[in-house]
Each structure stands twice: as structure tokens, then as C-alpha cells.
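Please treat every number below as a calculation from the coordinates, not as lab data. Just so it is clear, the structure is predicted and the values come from calculations on it, not from any experiment. A quick note on method: Cβ atoms are made from the backbone with ideal geometry, for glycine too, and the neighbour counts reach across all protein chains shown.
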Amino acid sequence: MSIGKAAWWRQWRSVGRIALSLSAIATALAGGVAQAEESAPPAGFTALFNGKDLSGWHGMPHFDPRKLAEMTDADRQAKIDEWTKDAKAHWSVENGELVNDGKGAYLTTDKDFGDIEFLIEYKTVAKADSGIYLRATPQVQIWDTTEAGGKWNLGANKGSGGLWNNSAGTAGKDPLVLADKPFGEWNALRIKQIGARTTIHLNGKLVVDNAILENFWDRSSPLFAKGPIQLQTHGGEIRWRNLYIREISADEAAKTLGEARASEFKTLFDGSSLASWGGAVDNYEIVEGAIRCKKGKGGVLHTKDEYADFVARIEFKLPPGGNNGLAIRYPGQGDTAYVGMCELQVLDNDAPQYSKLDARQYHGSAYGMAPAKRGYLRPAGQWNFQEVTVRGSTIKVELNGTVILDTDLSKISQYMANSPHPGKTRTSGFFGFAGHGDTVEFRNVRLQALPATPAAQ
């Protein structure tokens, strides 16, 4: 059954989109995630492998998914058919286990996944090297960790489970502990990924702790918002079993992201009163424990304390077409987009009326100065989690676990409509919400003050 595959691929080739989805592949193959009647996934999980055949999977080697998206429908399908034929020559099912002989295209889910918890067990042989691609991106590393395996120079002595393709020195590249079992025994991976934030347990031991999986295909861009899971083939037999997956809801994702280092943050809003806030207090109301801008009202609701360098965390929910903003180092009066360090846009990017905005006006952008990456905002009506880090003249925005803006405002010299932003050099000010007449909501507002940078001092 078709669901507009061609239209989908045209959409994701359009301007600025990097949140790649391969759902058209699933449609083309009339696939879906197979679940065997006899499988018994843990509560809340479904089976990715039915224990009998390769239903729900196709072949795809190490291949840039953006290039796949750029192909015509016919060329793409021909390439997938070619890869799948190759995969079937090297993958088999034995006693309810997926078996690969070390060669061929990677076994790839027909379905795309975003935020997930994924359980999988594997057993491999000496000198083998394998891994798991998440969102078509390498990879959770699996290899022979013994000296005889010959890859200690690459880090094999540190163990499996790391995000080996991350840049050198980055969090998650090397596992925190060596947790591999001896050859002949089954290893169990538990992978939890929200946005690009990835946490991995191997055999019950934490090996990656909330680290960002980099976009191997373009390190200047974030990880794709969605993509398939791939089981790598790499020169030695590997067996897989008990493949179970659970898709994570927006509310659970926000809660999980907010729990990381939660003790380091001060609560700015208690859910019941705006007594500790200043500015346009009368233009905001409290609804079900959230701050909400009154319809048709606006202005800046801001903290009573000023901050220099800080990390702010919020959850926000947009109505259809919603527009608001975060006031950063706001002086207390005026338009924070120009007189403050900046206004970080809070906007329903997908609303029709915003289809032709300047790139520096979309969600997460430093309004009029620096554009944020698009494709990571949840649909209107769902809660989003956002973390903003301000250090000196730099500002970083992480939305739902993915960094969408990381810029130094001191280096910006070109502005939307050639309008100057004299406030961008401010070294301190208030934090708050810049309402524009829409009923945008905020909750779980927290802030961590940071030591001042030398420039701020």
C-alpha cells in the first residue's frame, strides 16, 4: 500500500532538512517490524526479529543515507533490491538466531526509528569486528577485545559498546569499562537513545553515559532525527537473538533528559506562582502547573535575578502556529531580540504561515543572527525539552537531545534585514520568555549559574 513515497522523498530533499527518514523504504518493501507469535518481548517492547525469516528487514551496506534519499524512486528501489539479494546470500536463521557469515550487506530494518530503547544479544568469534548502526549511522562497536584480535591499536582493548566512530576524545567514543564476555558466550546490549543522546549498557554495565552520537556522514550537522537500525557484517561470524525495541514518547524523553545532572539546577518556577518573576507578569497565567502566555498578550516575563553565564532547561509546548522566544541576557526593557544578547526563537516551524521565513527566524535560532538546524521539533501540542548553554559570547541550544545551534555571536556580522543587534555583546541580564500573543506553555524551568568566563569578568 502506498503512502505517498515520492512526495515524501521530495520533502526530505527540500531546503534545510537533515532529519532524514527512510520510511519510504518500508513502504516500498511492504515491510514493517515483524513479531513472532512465539516471541515474548519484555513489557512495552516489540520484537524486531520473528525467529523464522528476514521479514521486516532488507539489505544496505555502509552507505550515506542522504545519497539514497537523493535517488529517484526507481533507482532507489533497484539499489535496495540489489543489496537485499546480497544480504540473503550471507544471512540465515538457525534455531531462532540471526546468523551472518561475516560478509554481505548489513541487515537493515524496514522501519525507521527515532527515540528508542533497544535490547539485543550477540555472540561472535575470534578476530571478528561488527557493530550496530543507529539511524543508519555508525556505530555501537562490537569486536574481539583480546590482544590476539590484533586491534588494540584501534582501542579494542577498551571493550565493546562504545560509539567508536565519534571524534577522538569525545564522550562515548571509548566505553567506560570493559564488559565483554569470553567467546562462545552471549553478550547483552541495552541501548537507549533520545535525540543524539545515547546511553548503552553491555552485560548490565554502563559503558556509554548519555553521550551524543555524532553524524558520521556530516559532522557539522546533527544526527538524523530518524533512520533504520543496521546490523553490521565485518569479516567474522556473528549471531544475534532477542531483538526487542520500545519507542519512547515525547513526555518520557523530556523527563529522561531532564533527569541528567538534575541536582545541579535551581528551580525557577514552582508550578503555582509567578511571585519570583518580573516584567510582563499580568500577560501570563498558570495552567496545570505550566506558565502560559495569555492569548493576544505578550511582552517579556523574566527572572528577578540577572545571570551572566548559565545553563537553562525548560520544557515547552506550542499550539499550532505558536510563537514565543527565550530572552537571553535581557536588560529589562525593550525588544530582547535586539537589546538583549539575543532572543532564541520558540516557534511552530511547520505552520503554513511560517513556510517562507528567513532561516534565522525558525525555532532555536538566535533571532535574526544565527539559524538553528531544523527537523527536531515535536509536533504542535507535544512537550519539548530544551537546554540552552550561554558562555561568554557563545550560545548552544540542544532540543530534545539534539544540538541544533552552537554559535559565537561575536563573530556574526551579517543580520536579517541588515538590522543591527547592539545587545549581542551584553555580558549579563535577565532570563525569560518573550511572548508574541500565542498560548505557548513552559514548565520545569530550571537554571544553573556557571562561573563567569574571562570575557564576562
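In table form, for the structure just shown:
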{"item": "Gain on full stretching of the segment that runs from Val281 to Ser413 - 0.36 nm per residue minus C-alpha separation", "result": "44.1 nm"}
{"item": "Environment charge of Val208, counting only residues whose C-beta is closer than 15 Å and scoring Lys/Arg +1, Asp/Glu -1", "result": "+1"}
{"item": "Under 17 Å from the Cα of Lys52 - lysines, other chains or at least 8 residues apart", "result": "Lys88"}
{"item": "Cα→Cβ-extended label distance, 7 Å offset, between Asp209 and Ala260, nm", "result": "1.2 nm"}
{"item": "Local electrostatic count at Gln448 - Lys and Arg +1, Asp and Glu -1, tallied over other residues with Cβ under 9 Å", "result": "+3"}
{"item": "Helix-only [θ]222 nm of the chain, DSSP H runs n ≥ 4, -39500 (n - 2.57) each, per residue, nearest 500", "result": "-3000 deg cm²/dmol"}
{"item": "Set of aspartates and glutamates near Lys173 by C-alpha distance (under 19 Å), chain-local residues within fewer than 8 positions excluded", "result": "Asp129, Asp144, Asp209, Glu214, Asp218"}
{"item": "Centre separation in Å (Cα based) which lies between region 75-106 and region 157-197", "result": "25 Å"}
{"item": "Sites Lys103 and Thr267 - FRET efficiency at Förster radius 51 Å, r taken between beta-carbons, to 0.05", "result": "0.40"}
{"item": "The chain: relative contact order in percent, alpha carbon pairs under 8 Å with at least 6 residues between", "result": "16 percent"}
{"item": "5 angstrom amide H check on Glu97, placed H, neighbours 5+ away", "result": "none"}
{"item": "Relative contact order [Cα under 8 Å, 6+ residues apart], region 253-449, whole percent", "result": "34 percent"}
{"item": "Per-peptide average of other Cβ atoms within 10 Å, ordering 114-121, 150-157, 184-191 highest first", "result": "114-121, 184-191, 150-157"}
{"item": "Region 5-248: projected area of the alpha-carbon convex hull, averaged over directions, in nm²", "result": "12.5 nm²"}
{"item": "From phi via Karplus (6.51, -1.76, 1.60), per-residue ³J(HN,Hα) for region 393-402 in Hz, x at Gly/Pro", "result": "8, 9, 9, 10, 10, 10, 10, 6, x, 10"}
{"item": "Neighbour-count order for Thr146, Thr402, Thr109, fewest beta carbons within 10 angstrom listed first", "result": "Thr146, Thr402, Thr109"}
{"item": "Potential lengthening between Asp406 and Ala171 on full extension [0.36 nm per residue; Cα-Cα distance subtracted]", "result": "82.9 nm"}
{"item": "Summed residue charge, Cβ within 14 Å of Arg313's Cβ, Lys/Arg positive, Asp/Glu negative", "result": "+2"}
{"item": "Contact order relative to length of region 79-165, as percent, for alpha carbon pairs under 8 angstrom and 6 or more apart", "result": "17 percent"}
{"item": "Dipole in debye (nearest 20) - the chain, about Cα centre, beta carbon charges: Lys, Arg +1; Asp, Glu -1", "result": "800 debye"}
{"item": "Euclidean distance between Cα centres, region 371-411 to region 307-364, Å", "result": "10 Å"}
{"item": "Number of Lys pairs (Cα under 20 Å; 8 or more positions apart or on different chains) in region 253-449", "result": "14"}
